[in-house]
């Protein structure tokens with residue numbers, strides 16, 4: 001096992017890694033920007049070192065500062081958390097080049113899955129089902145038009161090098177392709193430094209389903225079931241739950257077997273998530289793979305009883321998996337609400353000082369957060385303040401408990417999206433488990449009521 005882990009991240013995920021390390025008897029080093037000097041991850045780590053000013057590029061994305069911090073503190077491993085450098089193959093290579101352990105997949109796995117076109121090709125060769133579309137990067141908008149005609153409209157243009165909704169455009173007819181191709185490519189170039197695009201058929205009523213993978217260094221790999229991630233705004237997830245209301249035990253076994261076969265073929269290691277798109281007929285298609293711990297990992301932990309951060313650290317240290325696939329059985333239902341510092345109506349960011357804070361508690365309620373009263377939510381980083389994770393013996397109990405917990409959650413001084421989460425819970429489609437990725441738009445833009453036909457009065 002490692003002696004000391006440097007946590008190359010901030011906020012609640014840094015705190016989560018520090019807690020897992022402490023339980024394993026591993027010392028930790030927190031890094032922080034000048035803006036995060038009072039953050040809880042700094043307080044609870046064994047050591048802390050400032051790596052730069054508030055802007056991410058000068059601190060949490062400053063590779064030289066991070067590696068120097070690891071060197072001067074004597075760390076023997078680096079955990080990247082999620083975001084920032086967690087899926088940067090070059091950073092992982094630099095870490096291993098310094099004879100440190102990168103707590104995550106091997107650099108070649110990160111590189112393979114980091115480019116969406118290469119990932120699609122690898123997934124197809126490994127036997128994962130794909131949506132019809134381009135089998136490589138598109139040369140230009142003319143090629144996009146030709147392939148779109150073959151696939152059939154609507155289609156979706158996607159950035160080869162990125163995700164999170166940037167560089168992504170839906171095209172419903174030939175006339176849109178040229179303009180949207182250029183717009184999406186420019187967005188991708190600005191966001192990822194690579195304007196390459198690919199194209200695939202667009203599913204009108206999709207559900208976003210992802211499968212949690214865990215693999216050791218000895219060839220053993222298991223999956224921990226699926227998560228439903230369809231509640232999203234502009235391709236950014238807001239609420240996740242496990243198991244998915246749309247996935248039957250038989251479908252779970254089938255998806256799991258296909259995924260495990262693919263992971264064995266490519267030799268995947270550590271944790272990762274395979275993301276699928278499911279259509280209205282229950283057919284599923286590979287979208288991408290995230291080679292890191294996910295923001296929504298707590299719902300899987302609550303359902304399957306496995307600490308994914310602890311396991312991730314153990315696996316990176318060369319220890320074998322603690323679980324077998326036969327022992328992986330869902331024993332509860334969990335729902336995660338991402339509590340963001342944002343206006344619940346306009347979704348504009350709402351940074352500032354938290355002047356009053358009371359988080360919910362009680363049976364089945366978990367809150368992963370770095371927030372406290374007088375904590376200042378910084379404008380420089382992601383707006384995530386907390387993850388409210390609700391667990392119940394059944395989905396119905398989890399929904400009831402969630403309504404109670406959201407009612408109890410008090411955050412004053414800034415705006416949060418808690419009121420919007422309450423609207424989602426009240427939506428009939430979500431309550432019944434009959435929803436897809438259009439649900440947020442349906443809540444924000446409900447259809448106009450149909451007027452009853454006028455009847456003439458009898459004369």
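The values are calculated or read from the model by the stated rules, or taken from the named source; none is laboratory data. This one's a predicted model, so the numbers in the text were calculated from it and none came from an experiment. Virtual Cβ from ideal backbone geometry, glycine too; neighbours counted across all protein chains shown.
Brief remarks follow.
- Checked against (1) at pLDDT below 95; (2) within 23 Å of residue 441 (Cα to Cα); (3) crowded, with 17+ Cβ neighbours inside 10 Å, residue 288 meets all criteria but (2).
- Selected residue [farther than 30 Å from residue 280 by Cα, touching a residue at least 40 places away in the same chain (Cβ under 8 Å) and either in contact with a helix residue (DSSP H, G or I) (Cβ under 7 Å, 6 or more places away or on another chain) or exposed (fewer than 14 other Cβ atoms within 10 Å of the Cβ) (or both)] from 356, 352, 392, 413: 356
- Taken together, the residues in the range 369-389 that are buried (at least 20 other Cβ atoms within 10 Å of the Cβ) and either in the same structural domain as residue 10 (by TED's automatic domain parsing) or out of contact with any helix residue (DSSP H, G or I) (no Cβ under 9 Å at 6 or more places or on another chain) (or both) amount to 2.
- Test: residue in the range 290-308 that is part of a strand (DSSP E or B), under 30 Å from residue 161 (Cα atoms), touching a strand residue (DSSP E or B) at 6+ places or on another chain (Cβ under 7 Å) and touching a residue at least 40 places away in the same chain (Cβ under 8 Å): yes
- Residue within the range 119-132 that is touching a strand residue (DSSP E or B) at 6+ places or on another chain (Cβ under 7 Å) and more than 30 Å from residue 214 (Cβ to Cβ) present: yes
- Residue match in the range 84-99 (condition: touching a helix residue (DSSP H, G or I) at 6+ places or on another chain (Cβ under 7 Å), closer than 13 Å to residue 67 by Cβ and in contact (Cβ under 8 Å) with a residue 60 or more places away in the chain): yes
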